[in-house]
1. Springs between alpha-carbon pairs under 10 angstrom, Gaussian network model over chain B: which of B:ALA311, B:ALA34, B:ALA255 fluctuates most?
2. From other protein chains only, count the Cβ atoms within 10 Å of every residue's Cβ in B:226-234, then give the mean.
3. Name the residue farthest towards the positive end of the dipole of the protein assembly as shown from the options B:HIS76, A:ALA435, A:GLY293, assuming +1 on Cβ of Lys and Arg, -1 on Cβ of Asp and Glu, about the Cα centre.
4. Between the stretch A:250-298 and the stretch B:117-186, how many Å separate their Cα centres?
5. Taking beta carbons within 10 Å but only from partner chains, what does the mean come to for residues A:206-212?
6. Between B:TYR244 and A:GLU446, how high is the FRET efficiency from 1/(1 + (r/R0)^6) when r is the Cβ-Cβ distance and R₀ = 56 Å? Nearest 0.05.
7. Amide H of A:VAL214 versus every other amide H placed in the peptide plane: which residues, excluding those fewer than 5 positions away on the same chain, fall under 5 Å?
8. Return the sequence-ordered ³J(HN,Hα) values of the stretch A:316-332 in whole Hz as given by the Karplus equation 6.51 cos²θ - 1.76 cosθ + 1.60 applied to θ = phi - 60°, using x for Gly and Pro.
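Nothing in this text is a laboratory measurement; each read-out follows from the coordinates by a stated rule. Remember, it's a predicted structure, so these values are computed and weren't measured experimentally. Please note: Cβ atoms are built from the backbone with ideal geometry, for glycine as well, and neighbour counts cover all protein chains shown.
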Amino acid sequence: MGQAYSTIAFDPAKCDGCGKCMTACASVKFDSTDTTRSLIQIVRSGGASIEPPRPGEFELALCRQCADPKCVTVCPAGALGKNGATGVIDWDASKCVDCLLCTIGCSYAGIALDEHSGRVSKCDTCDGKPACVPACPTGALRHITTARIYNEVGSWEDLFAPGLAGCQGCNTELLMRHALRRVGPDTVLATPPGCVPGMGSVGFNGTTGTKVPVFHPLLTNTAAMLAGVKRQYERVGRKVTAMAIAGDGGASDVGFQSLSGAAERGERILFMVVDNEGYMNTGMQRSSCTPYGAWTSTTPVGEHTRGKSQDAKNLPMIMINHRCEYVATASTAYMEDLYDKLDKALAASERGFAYLHVYSPCTTGWRFQSALNIEVARKAVESNFVTLWEYTPESGLHFTRPVNDPLPVADYLKAMGRFRHLSPEQVEHIQNKVAENLRFVRKIAEQADER
Amino acid sequence: MNTTTTEAAAHTVAERAPQLMLVEGNEAAALGVALARPDMVAVYPITPQTSLVEKLAKLIADGRMDADIVDAEGEHSVLSVLQGGALAGGRTYTATCGPGLAFMFEPYFRTSGMRLPMVMTIVTRDGITPQSVWGGHQDAMTVREAGWIQLYCETVQEVLDTTVMAFRLAEHHDVMLPVNVCLDGNYLSYGAARVEMPDQAEVDDFMGRKDVNWHVALDPLRPMAVDPLTGGSGGTGPETFVRYRRGQCAGMKNALRVITEMHEDWARRFGDSHRFAPLVEEYRLDDAEYAIMTLGSMTGAAKDAVDEARAAGEKVGLIKIKTFSPFPVEALKHALRDVRALGVVDRSVNFRWNCGPMFQETLAVLYRLGRQLPAQSFIGGLAGADLTVATFHRVIAETRALLERPAADEPVWLNAKD
């Protein structure tokens, strides 16, 4: 498994060209107030102008710490090299012959002649804590550390077989591979009828799709069966994780009694619901988690009906009222958040019932291009259609990724074919429902803050 | 992981129990369960089973039984929890009846398909609707195509003994099937009788080593996919599915032999007061011209009636079915060998044939026997109605009449007002 690295990301829409990043860099690297010496340069597109700058007008000149760096390739002296540990392109002053070929090789103006020293200079990310990023007042600069997860978990064993038969670009497959890789091999995995066994987790005709013991519970009894497994191992003194990867239909509809009973009894289970908002495996039928207005094959769009006429059941909030050891919502668009919650849920499942509700856009059933999976997942959160939070009985509910300046929900809805038919009134209904849900969750979060 | 019997020896129900006791059928079942030392019992109350699981809970609370008790939120989860426990290697038990069994049906059917050795007492109750909480055999009869072994008890002692034996039967490698011990709601469940407690050490020896999930397991040390998709029309799907079903049938067939051997072993260890006919009991049948057939607790009254009829010079005998599933074809053929007329009393209804279920099964045996025999279906004891000695005198008289005239197509509805 290769190494992945962090990077400094730039959002031109947020940059107003204030230059504070350059001030910070010059100060930290050269103890200078001369921003021309800064290793990060913000430049106005099309050159200087007396017109007031507009958002999106500024560009970034900064070393991208390329994976396949041209500056290294063109250097005749071996003075530049990719550091395998940090990912930074290191410059060795003792070897440099000052030919400046690197400055021509780089497309990003990431390495340039420093007039003061007469030699090239470039960003070294301040040993992983770049001074420019906290100096930025608008959030246009971010030090993206998502790569940490890849480096940490990339070498962990993927406990599902390659070549599962999910739809192209399936978000659920992405989620379950990540989740089980984190939870590890000492696990008994329940995958009730739905997309997960449908793509082959329990295999077909004597094969298996999973490297841990795995089974098909009934759609109706996942939590109860897992409880029995876990209890027997506790009885004989063996530490085995009992985990479910269940669809929203089985959890919120026909399997709800079993789920509720196990949660009330505090069975030591990690119950992960993959919420693709319907019975997608059987051809996109409505579940109680299907949102208002959504087309499904049992809430079709016709002269008399315009998609589902009821709002979705808020299953994770219901699980909070079981006083579970841990309840959280998550999204594959926020992997660090997801992994953090997996860690907590796994630990909590040794003490009691841990419930993880992961929103999982369905490219087939929601009608969007498979390449847009993460985009759709992110917009759900950015519009507050989905809120990311976690709950424990001790500390109550806390938002983990609060969105205070949300997108209009229409931006989310229009990303998908299943909402294409919505009337303005229906969109308004959903927008109101988003606000109502948010008020509801916030109220509970405020109660936690008051403690 | 298997627990040997010695490891669990600290807890026993027998040590502190008097050797002779007066107990109700439900308590006898609970004591039998405790003697068999299950790892896990899952419970949910339902009339007339409730006092059974209450007794189990008390035995565990008092430390006389070492088992994990799961108070599940319904029968569906009761059986599901136990499936998980069995797949992780535990010996498992529950009890239910009537609507509870109906609610349980989805995992119930699956238990036999996964060949999970499990014991469940059915404290039999009639089917609803009409609404009733009283005894009858309709619940157990309704699930007879679900692949469970079903043993019907006549007495409270037989309930206790059969319950222990059922665990060994279920776990026998030639069987590997779940077992229902059926005891009549109300009559046996609440009927108190004298019972002798078997010795715990001898029971431990009888039970042998627990071996529950050698064939199918959810265990990280032995990772496997439990119950992958099979069937369909392609690949090895159909033949895999057929192999499962044939295996279930083979286990059922083997069970007839194992039940017989087990009853013999049990009686040898514990004495004649623990001797019960394993498959079919032949009562005063040697020179009988005609016979009546019974199932469960009604047999006591029926035997009294037969005794009185014998005293009056009637050549009548009695055939009691203990093992209803698998149906004991050869044993029943043997019992019927010289009988010239037959009356079969059922406490449930076969709606397809307008007769009792046991009657209908017996018709198939008569075909195998190759002998025409006038036989009459009697249906009685529904929803707790009494089947008294007087009732069986009527059954005997109407069966005797078949020596002279053919049987009616209609069942005789005992307890009916017409």
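1. B:ALA311
2. Partner-chain Cβ atoms within 10 Å, mean over residues of B:226-234: 6.
3. A:GLY293
4. For the stretch A:250-298 versus the stretch B:117-186, the Cα centre distance is 34 Å.
5. The per-residue average across the peptide is 4.
6. Efficiency at R0 = 56 Å is approximately 0.50.
7. The list, which skips near neighbours in sequence, is A:LEU189, B:MET224, B:ALA225, B:VAL226.
8. Here the 3J(HN,Hα) series is x, 5, 5, 5, 4, 6, 8, 6, 5, 5, 7, 9, 8, 10, 8, 8, 5 Hz.
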